[in-house]
Structure formats: C-alpha cells, structure tokens
Amino acid sequence: MATVQIKNVPPDVHRILRERAGKAGQSLQAYLLAQLQEQASKPTIKELFDRIDKECSGGDVSFEFATKVIREDRDARA
C-alpha cells in the first residue's frame, strides 16, 4: 500500500481530528484512512458531468436524465 504524509497540520485541526477519531473508537490513522476512502468513493461534480457528457451525444442533457444519473450514483454509495 501507498503511504501519505501530511505536514504542517495546524494544532487545532489535529486536535479536532484526534477527538473525532477517539469518539469513533479509532486511532487517528484508522479514522483518517476511513475519511479518505469515503472521499475517494464519491465522484466530484466534474466527474459526474463528464459521465453525463459521455453518455449523451449532442450535448443536450435533460433535467430528468441528469437527476437520474445523480440519483443512481447516490444510491450506489448508500
């Protein structure tokens, strides 16, 4: 597995993250890894629009289609 190191974390941010990890019953490392995994599992708005653009030729996307694709993506993450 890869290693990620973050330097110069402000003390107040570090404290908050340690507290959240403790409340979740996790080490700081386990908590941050879970947060990173959750964040990486969600597409960005740009990624969603790129997917819509790829699936629709001509550039016209109906509101119904866009909401359907976004709902499918949200349901897949639930």
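Is the stretch 5-27 home to any residue that is polar (S, T, N, Q) and at positive phi? Let's see the steps before the verdict.
So the first thing to find is which residues in the stretch 5-27 are polar (S, T, N, Q), and the list is 5, 8, 26-27.
Checking which are at positive phi leaves us with 8.
Looking for residues that are polar (S, T, N, Q) and at positive phi, one finds at least one in the stretch 5-27, hence yes.
For the stretch 1-26, filtering for residues that are under 29 Å from Ala76 (Cβ atoms) and surrounded by 10 or more Cβ atoms within 10 Å (Cβ to Cβ) leaves 5.
Residues that are surrounded by 12 or more Cβ atoms within 10 Å (Cβ to Cβ) and either modelled with pLDDT of 90 or more or assigned to a loop (DSSP other than H, G, I, E, B) (or both) within the stretch 43-67 comprise Pro43, Cys56, Val61, listed in sequence order.
Answer with yes or no whether Val13 is touching a Leu at 6+ places or on another chain (Cβ under 9 Å) and of a type in the set (Val, Ile, Thr). Break it down into steps so the answer makes sense when it comes.
Numbers: touching a Leu at 6+ places or on another chain (Cβ under 9 Å): no; of a type in the set (Val, Ile, Thr): yes.
Spelling it out, it is not the case that Val13 is touching a Leu at 6+ places or on another chain (Cβ under 9 Å) and of a type in the set (Val, Ile, Thr).
The values are calculated or read from the model by the stated rules, or taken from the named source; none is laboratory data. Note that this is a predicted model, so its numbers are computed, not measured. Note that each Cβ is placed from the backbone with ideal geometry, even for glycine, and that neighbours are counted across all protein chains shown.
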